[in-house]
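K.L.:
Structure in structure tokens, see below.
The values are calculated or read from the model by the stated rules, or taken from the named source; none is laboratory data. Remember, it's a predicted structure, so these values are computed and weren't measured experimentally. In this analysis, Cβ positions are derived from the backbone assuming ideal geometry, glycine residues included, and neighbour counts consider all displayed protein chains. In case anyone asks, the SASA skips ligands and DNA or RNA and just uses the protein heavy atoms, side chains included. Shrake-Rupley method; radii C 1.70, N 1.55, O 1.52, S 1.80 Å.
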Amino acid sequence: MMYLSDCINKDPALTELFIVQSNYFVQAKEARDRMGQAVLPVDDSIAKIKGSELGDLLDDDNIKSIIASLGVGISMGRGRGLLDLSCLRYGKVIIVCDETAAGIHIRAQIVTFFKRFNRPIMDRRRIFVPAQSVDASLTPSNFELQVMDRATRSLVEITTGEPLPNEPD
């Protein structure tokens, strides 16, 4: 199971969850504001979401960690499921992956997971990615400015109808 580095504040209006590709976990954890920014690493062994049944996905440690971190449960569409948005622990969910094949795969699986099983979170405009792609050459201070710092970063909202750049089928 992947481990969440949670934030201190518990008010969703003031908190953010960064779901990061595992090779950026240390940078994100060091650069974050512990008061309002939580960090959850996800590795490239994440299950393929498209076409998978929920029972199969619940065997995946990455998916279990995301579900547990959000605190809302899951939705199976059309009002089915146990999704309780009043329990959402974070006001923003920011997916941080690079543009390598592994990063594109991880980001696509996470977005597909939200589209299929947590769509109401997307409908409430809570899912984002950094406007600038991240890469391994970023220094910790540049990572902080580009991804973590609320004053200097730029985010792109992910909605239910928009494919991501380089999103695989």
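K.L.:
What distance in nm separates the simple spin-label points at residue 8 and residue 135, each placed 7 Å from Cα in the Cβ direction?
P.N.:
3.6
K.L.:
Can you give the angle from 0 to 90° between the axis of helix 61-70 and the longest principal axis of the chain, with both taken from C-alpha atoms, to the nearest 10?
P.N.:
80
K.L.:
Of 3, 90, which has the most accessible area and how do the rest follow, probe 1.4 Å?
P.N.:
Per-residue accessible area, sorted high to low, gives 3, 90.
K.L.:
Let me ask something additional. In what sequence, largest accessible area first, do 148, 35 appear using a 1.4 Å probe?
P.N.:
Largest accessible area first, the residues go 35, 148.
K.L.:
For residue 19, what residues show an amide H to amide H distance below 5 Å, using hydrogens built from the backbone and excluding near sequence neighbours?
P.N.:
Correct list: 40, 94, 95, 96.
K.L.:
Taking the Cβ-Cβ separation of residue 33 and residue 82 as r and a Förster radius of 45 Å, what is the calculated FRET efficiency to the nearest 0.05?
P.N.:
Efficiency computed from Cβ-Cβ geometry: 0.90.
K.L.:
Expressed in nm to one decimal, what extension gain is obtained for the pair residue 156 and residue 142 from 0.36 nm per residue of sequence separation less their Cα-Cα distance?
P.N.:
Result for the pair: 3.2 nm of gain on full extension.
K.L.:
Another one. Looking only at 84, 61, 33, which one moves most when the chain is put into a Gaussian network model with springs between Cα atoms under 10 Å?
P.N.:
Taking springs between Cα atoms under 10 Å, the residue moving most is 84.
K.L.:
Give the Debye-formula value of log10 I(q)/I(0) at each listed q (0.15, 0.18, 0.19 Å⁻¹), with one equal scatterer per alpha carbon of the chain, two decimals each.
P.N.:
Rounded to two decimals, the profile gives -0.77, -1.17, -1.32.
K.L.:
In percent, how large is the relative contact order of region 1-158, given Cα pairs closer than 8 Å and 6 or more residues apart?
P.N.:
Relative contact order of region 1-158: 25 percent.
K.L.:
Provide the per-residue ³J(HN,Hα) series for region 105-111, in order, calculated from phi with Karplus coefficients 6.51, -1.76, 1.60 and θ = phi - 60°, each as a whole number of Hz, with x at glycine and proline positions.
P.N.:
Going residue by residue, I get 4, 4, 4, 4, 5, 5, 5 Hz, with x marking Gly and Pro.
K.L.:
For the chain, what is the accessible area per residue in Å², given a 1.4 Å probe and the full set of protein chains?
P.N.:
Accessible area per residue, the chain: 48 Å².
K.L.:
Please list 63-72, 109-118 highest first by mean number of surrounding beta-carbon atoms within 10 Å per residue.
P.N.:
With the highest mean Cβ count within 10 Å placed first, the list reads 109-118, 63-72.
K.L.:
When the accessible area of the chain is split by element with a 1.4 Å probe, what percent falls to carbon and sulfur?
P.N.:
52
K.L.:
Please give the FRET efficiency for residue 68 paired with residue 149, using the beta carbon to beta carbon distance and R0 = 41 Å, rounded to the nearest 0.05.
P.N.:
Efficiency, rounded to the nearest 0.05: 0.95.
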